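Q: Mind having a look at this structure? Questions to follow.
The values are calculated or read from the model by the stated rules, or taken from the named source; none is laboratory data. In this text the structure is predicted, and so the values were computed from the model without any measurement. Glycine gets a Cβ as well: all are built from the backbone with ideal geometry, and neighbour counts include every protein chain shown.
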Amino acid sequence: EQPIYILAIESSCDDTAAAVLQNGKMLSNIVARQDVHEQYGGVVPELASRAHQQNIVPVIDVALKKAGVEKSQLSAIAFTQGPGLMGSLLVGSSFAKSLAIALDVPLIAVNHMQAHILAHFIDEEGFDKPEFPFLAMTISGGHTQIVKVNNFFDMEVIGETTDDAVGEAFDKSAKILGLPYPGGPLVDKYAKEGNPKAFAFTKPKVPGLNFSFSGLKTQILYFVQKNVSENPDFIRDNMNDICASIQYTIINILIEKLKLAVKETGIKQVAIGGGVSANSGIRNTLKEAEKKHGWKTFIPKFEYTTDNAAMIGIVGYQKYLQQMFNDAAVASKARIEL
Ligand code: KG4
Ligand code: ZN
């Protein structure tokens with residue numbers, strides 16, 4: 001039988017990414033990151049769209065070359081439909097539509113947040129795939145949700161943030177500490193050398209499975225301002241301990257809600273996905289929970305945590321098997337439900 005080759009394109013935010021999958025196995029996974037946003041302390045949508053325009057052709061060329069796959073061999077083109085920045089999404093979707101028409105192959109629209117969850121189904125040596133139903137916690141710069149995943153395209157959000165996403169909590173805390181955007185990975189780096197119990201922050205009281213992070217951000221701001229007024233070098237002198245304490249608090253908030261979700265649903269298979277699942281603290285804590293609470297945890301391979309096209313490709317592959325195709329009229333959407 002002919003192998004199924006999916007070319008996947010992801011351009012929802014500030015990374016231009018392309019991947020090629022053969023029967024659900026990743027052959028190439030290319031990301032061009034955009035440094036232009038760093039100086040602005042956040043993603044500037046107009047600059048992101050322009051950079052996608054410049055990057056998309058070379059990124060796709062490299063992905064195909066690295067996979068050793070010719071355009072004529074492609075079975076389908078998958079692309080991110082949303083959620084994301086409209087101008088960024090349009091670059092990826094326009095390219096995907098044009099290529100699908102030119103090659104006369106099916107076009108497949110993919111929900112970015114479903115992809116963060118289904119990344120666990122990429123065929124990868126040493127990585128088990130979850131069985132349905134399982135719980136997934138999506139933790140990224142734009143989302144914080146606990147999802148009950150009944151099947152590939154049957155998902156229920158059972159908890160979510162009422163304000164900031166957890167990635168924003170990391171990035172905004174980092175900004176308060178004078179670190180460049182996105183600060184999440186830097187907080188992680190400094191936290192490794194620090195004492196997580198050096199400073200105590202209170203956890204928000206949010207009922208049920210929902211989250212809130214905006215109060216924590218304000219608490220950290222006041223804490224830093226107060227200490228800096230007494231010692232101008234407070235941040236520099238305590239960077240590792242401050243980062244470790246912030247990270248410890250955030251992880252506790254996440255784990256506590258996960259425990260409650262397991263208790264309420266009786267499901268002990270727990271997966272994480274999204275950029276913040278790159279965090280070493282959350283990865284370690286989940287591994288411990290596996291032993292402590294008898295969970296089976298699914299932690300994505302590092303390259304499938306932050307935005308990437310391989311995760312779009314695995315959803316594309318599943319949709320291909322189920323013949324879930326789109327016509328070229330399919331519209332990009334800044335917001336879509338799971
Ligand atoms: O999934 P993603 O790449 O983009 C969105 O869809 O939002 O997630 C990006 C977020 C950023 O907030 C970034 O700071 C955070 O993931 N992040 C981390 C780490 N790596 C990325 N946060 C904490 N620790 C990390 N190691
Ligand atoms: Zn994402």
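Q: State which residue is surrounded by the fewest Cβ atoms within 10 Å (Cβ to Cβ) when the search covers only the range 128-146 and only residues that are closer than 16 Å to Leu286 by Cβ and more than 9 Å from ligand 1 (Cβ to nearest atom).
A: By that ranking, first place goes to Asp128.
Q: (1) farther than 16 Å from Ile251 by Cα; (2) without any contact (Cβ under 8 Å) to a residue 40 or more places away in the chain; (3) among the hydroxyl-bearing types (Ser, Thr, Tyr); (4) assigned to a loop (DSSP other than H, G, I, E, B): which one isn't true of Tyr181, the others all being true?
A: Only one criterion is unmet by Tyr181, namely (2).
Q: Report every pair of residues separated by at least 6 positions or lying on different chains whose Cβ atoms are under 8 Å apart, first residue within the range 231-259 and farther than 30 Å from Thr297 by Cβ, second among the β-branched types (Val, Ile, Thr) and part of a helix (DSSP H, G or I).
A: Taking only residues 6 or more apart or on different chains, the pairs are Phe234/Val224; Phe234/Val228; Ile235/Val224; Ile235/Val228; Ile235/Ile242.
Q: Let me ask you something else. For the range 17-33, indicate whether the set of residues that are assigned to a helix (DSSP H, G or I) and not assigned by TED's automatic domain parsing to the domain that holds Ile272 is non-empty.
A: Scanning the range 17-33 turns up no residue that is assigned to a helix (DSSP H, G or I) and not assigned by TED's automatic domain parsing to the domain that holds Ile272.
Q: Given the condition assigned to a loop (DSSP other than H, G, I, E, B) and under 15 Å from the mean Cα position of the chain (by Cα), answer yes or no: does some residue in the range 89-109 qualify?
A: No, the range 89-109 contains no residue that is assigned to a loop (DSSP other than H, G, I, E, B) and under 15 Å from the mean Cα position of the chain (by Cα).
Q: Just give me the residues in the range 262-272 being closer than 17 Å to Ile299 by Cβ and not β-branched (Val, Ile, Thr), in sequence order.
A: Residues satisfying the conditions are Lys268, Gln269, Ala271.
Q: If I go through the range 77-90 residue by residue, how many of them are buried (at least 22 other Cβ atoms within 10 Å of the Cβ) and more than 16 Å from ligand 1 (Cβ to nearest atom)?
A: Total satisfying the criteria: 2.
Q: Could you tell me whether the range 163-170 includes any residue that is more than 14 Å from Cys243 (Cα to Cα), part of a strand (DSSP E or B) and either within 8 Å of ligand 1 (Cβ to nearest atom) or modelled with pLDDT of 95 or more (or both)?
A: Taking every residue of the range 163-170 in turn, none turns out to be more than 14 Å from Cys243 (Cα to Cα), part of a strand (DSSP E or B) and either within 8 Å of ligand 1 (Cβ to nearest atom) or modelled with pLDDT of 95 or more (or both).
Q: Do any residues in the range 10-33 that are more than 16 Å from Ala115 (Cβ to Cβ) have Cβ atoms under 7 Å from those of residues that are among the polar types (S, T, N, Q) and part of a strand (DSSP E or B), where the two are at least six apart or on different chains, and which pairs are they?
A: If the second residue must be among the polar types (S, T, N, Q) and part of a strand (DSSP E or B), the pairs left are Ala32/Thr16.
Q: Can you name every residue in the range 55-91 that is polar (S, T, N, Q), in contact with a helix residue (DSSP H, G or I) (Cβ under 8 Å, 6 or more places away or on another chain) and within 20 Å of Ile101 (Cα to Cα)?
A: Ser72, Ser75, Thr80, Gln81
Q: Here is a further query. Ser94 fails exactly one of the following numbered conditions: (1) more than 20 Å from Tyr304 (Cβ to Cβ); (2) at pLDDT below 95. What is the number of that condition?
A: The number of the failed condition is (2).
Q: OK, next. Against the conditions (1) over 23 Å from His116 (Cα atoms); (2) under 22 Å from the mean Cα position of the chain (by Cα), where does Ala271 fall short? Just the number, please.
A: (1)
Q: Does Lys287 count as among the basic types (Lys, Arg), part of a helix (DSSP H, G or I) and within 16 Å of ligand 1 (Cβ to nearest atom)?
A: Yes; evaluated as a whole, the condition is true for this residue.
Q: Tell me yes or no: at least one residue of the range 304-323 is buried (at least 16 other Cβ atoms within 10 Å of the Cβ), of a type in the set (Phe, Trp, Tyr) and under 20 Å from Ile146 (Cβ atoms).
A: Looking for residues that are buried (at least 16 other Cβ atoms within 10 Å of the Cβ), of a type in the set (Phe, Trp, Tyr) and under 20 Å from Ile146 (Cβ atoms), one finds at least one in the range 304-323, hence yes.
Q: Quick check, is Leu64 closer than 30 Å to Leu179 by Cα and in a helix (DSSP H, G or I)?
A: no
Q: If you don't mind, another one. Whether any residue in the range 158-170 is crowded, with 22+ Cβ neighbours inside 10 Å, within 16 Å of ligand 2 (Cβ to nearest atom) and over 16 Å from Gly275 (Cβ atoms) is what I want to check.
A: no
Q: Mind checking whether some residue in the range 167-177 is closer than 22 Å to Thr297 by Cα and of a type outside the set (A, V, I, L, M, F, W, C)?
A: There is at least one residue in the range 167-177 that is closer than 22 Å to Thr297 by Cα and of a type outside the set (A, V, I, L, M, F, W, C).
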